[in-house]
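Visitor: Dropping a structure here in structure tokens format, bear with me for questions.
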Amino acid sequence: MSVVQLRDVSKTYGEGPTAVHALKGIDLEVEQGEFIVVLGPSGSGKTTMLNLVGAIEEPTSGSLVVDGIDLTTMSEDERTEFRRAHVGFVFQFFNLIPTLTALENVQLMAELVGKNHDDSLQALAVVGLADRADHFPGMLSGGEQQRVAIARAMVKEPPILLVDEPTGSLDLDTGRQVLAKLREVSDVHHRTVLLVTHNTAIGGMGDRVIRLHSGSIASIQRNERPLTPEEVEW
Ligand SMILES: Nc1ncnc2c1ncn2[C@@H]1O[C@H](COP(=O)(O)OP(=O)(O)O)[C@@H](O)[C@H]1O
Ligand SMILES: [Mg+2]
């Protein structure tokens, strides 16, 4: 069953002569548990696509069904509720709260969705950071901070993880560690991952690679044998 379904989805920002057609007629179906890498240069519409799937933005036209829920016509309250229950976000710059410990950062999200302290510790354990629970973000490396951000997204146990340029501010080795965790989360915990990046090398580790160009899908390619993060070079 497809967990993400976009039918002829377009997104235009603004109106008239200054309108920006960020996405143009996107058709895409993603199966539960797939690891999808969306590639494209800056400005090609990658973040817009994630924001539509995550109900942060509304499509201008077309239909969008995510985790069995029709996002096409939804009130603002319904979108907020959808974001809480169905998707987890991981961003380039981690977005951790510096004055809270790793555990407290995860706990903040956990409380929103009725999870407890043990669930938060468990989420940190999944990303290999149980022993850093009491550390503040400033005491953690960039890669560790990104793994806390993954734990924060995972504590909700969302079926879908939406990941925007996760290695954009990391060096090669820590970037690989983060990618390995994301792949593990997808494989072991059966999450669907939509990862967008301008880094073409990362395409090799997707089950499928979608290339965006100027708001349209230029190609969709299946990797018969996705690369392990250790095999990815950039
Ligand atoms: N909130 C916005 N208002 C106006 N234009 C936007 C907005 N967000 C994105 N855009 C434009 O839409 C296009 C696609 O942007 P984006 O999805 O962020 O691309 P990418 O993530 O691939 O770099 C770009 O031309 C960008 O300037
Ligand atoms: Mg972007």
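None of the figures in this text is laboratory data; all of them are computed from the coordinates on show. All values reported here derive from a predicted model rather than from experimental measurement. Note: ideal-geometry Cβ built from the backbone for every residue, glycine included; neighbour counts use all protein chains shown.
Visitor: Count of lysine pairs in the chain with Cα atoms under 14 Å apart, counting only pairs 8 or more residues apart in sequence or on different chains?
Guide: 4
Visitor: Put +1 on the Cβ of each Lys and Arg and -1 on the Cβ of each Asp and Glu in the chain; which of T200, P229, P158 then has its Cα farthest toward the positive end of the dipole?
Guide: The residue sitting farthest along the positive end of the dipole is T200.
Visitor: Restricting to DSSP H runs of at least four residues, report the calculated mean residue ellipticity at 222 nm for the chain, -39500 (n - 2.57) per run over all residues, nearest 500 deg cm²/dmol.
Guide: -9000 deg cm²/dmol
Visitor: Give, in nm to one decimal, the length gained when the segment between E31 and T80 is fully stretched (0.36 nm per residue of separation minus the Cα-Cα distance).
Guide: Taking E31 through T80 to full extension adds about 15.3 nm, to one decimal.
Visitor: Something else: Please arrange E15, E165 by counting, for each residue, the other beta carbons lying within 10 Å of its beta carbon, fewest first.
Guide: Fewest-to-most Cβ neighbours within 10 Å comes out as E15, E165.
Visitor: Please arrange S44, S75 by how many other C-beta atoms lie within 10 Å of their C-beta, fewest to most.
Guide: Going from least to most buried by this count: S75, S44.
Visitor: So what's the angle, to the nearest 10 degrees on a 0 to 90 scale, between helix 76-86 and the longest Cα principal axis of the chain?
Guide: Value to nearest ten degrees: 50.
Visitor: A follow-up question, please. Using alpha-carbon positions, what is the distance between the centroids of region 1-75 and region 115-171, in Å?
Guide: One Cα centre to the other: 26 Å.
Visitor: Right, next: Once you treat every alpha carbon in region 64-134 as an equal point and sum by Debye, what is log10 I(q)/I(0) at q = 0.14 Å⁻¹?
Guide: Taking Cα atoms of region 64-134 as identical point scatterers yields -0.55.
Visitor: Moving on. So for the pair T99, E184, with labels modelled 7 Å out along Cα→Cβ, what separation do we get in nm?
Guide: Once both label points are built, they end up 3.3 nm from each other.
Visitor: Also, I was wondering about something else. Tell me, what are the semi-axes, in whole angstrom and largest first, of the equivalent ellipsoid of the chain as set by the roots of 5 times the Cα gyration tensor eigenvalues?
Guide: Working through the eigenvalues yields semi-axes of 28, 21, 16 Å.
Visitor: Right, next: Which number do you get for Rg(Cα) / (2.2 N^0.38 Å) in region 73-204?
Guide: Its radius of gyration relative to the 2.2 N^0.38 Å reference: 1.01.
Visitor: Here's another thing I want to ask about it. Calculate how steeply helix 117-126 sits against the longest principal axis of the alpha-carbon atoms of the chain, using the helix alpha-carbon long axis, and give the answer as 0 to 90 degrees to the nearest 10.
Guide: The angle comes out near 80 degrees.
Visitor: Could I ask something else about it? Give, in nm to one decimal, the length gained when the segment between E111 and I220 is fully stretched (0.36 nm per residue of separation minus the Cα-Cα distance).
Guide: That works out to 35.4 nm of additional length.
Visitor: Rounded, prolate or oblate: pick one for region 114-189, where a ≥ b ≥ c are the square roots of the eigenvalues of its C-alpha gyration tensor, a/c under 1.5 means rounded, and failing that, prolate if a/b is larger than b/c, else oblate.
Guide: Judged from the Cα gyration tensor, region 114-189 comes out oblate (a/c at least 1.5, b/c at or above a/b).
Visitor: Write down the percent of antiparallel bridges among all DSSP beta bridges whose residues are both part of the chain, to the nearest 5.
Guide: 55
Visitor: Moving on. Excluding E157 itself, calculate the net charge of residues whose Cβ lies under 9 Å from the Cβ of E157, where each Lys or Arg counts +1 and each Asp or Glu counts -1.
Guide: Around E157, the surrounding residues sum to +2.
Visitor: While we're on this one: Please label the shape of region 157-234 as rounded, prolate or oblate, based on the square roots a ≥ b ≥ c of the eigenvalues of the alpha-carbon gyration tensor (a/c under 1.5 means rounded; beyond that, a/b larger than b/c means prolate, else oblate).
Guide: Taking the square roots of the gyration eigenvalues as a ≥ b ≥ c, region 157-234 is rounded.
Visitor: Collect residues whose amide H, placed 1.01 Å from N in the peptide plane, falls under 5 Å from the amide H of G128; neighbours closer than 5 in sequence don't count.
Guide: Excluding prolines and chain starts, which carry no amide H, there are no hits.
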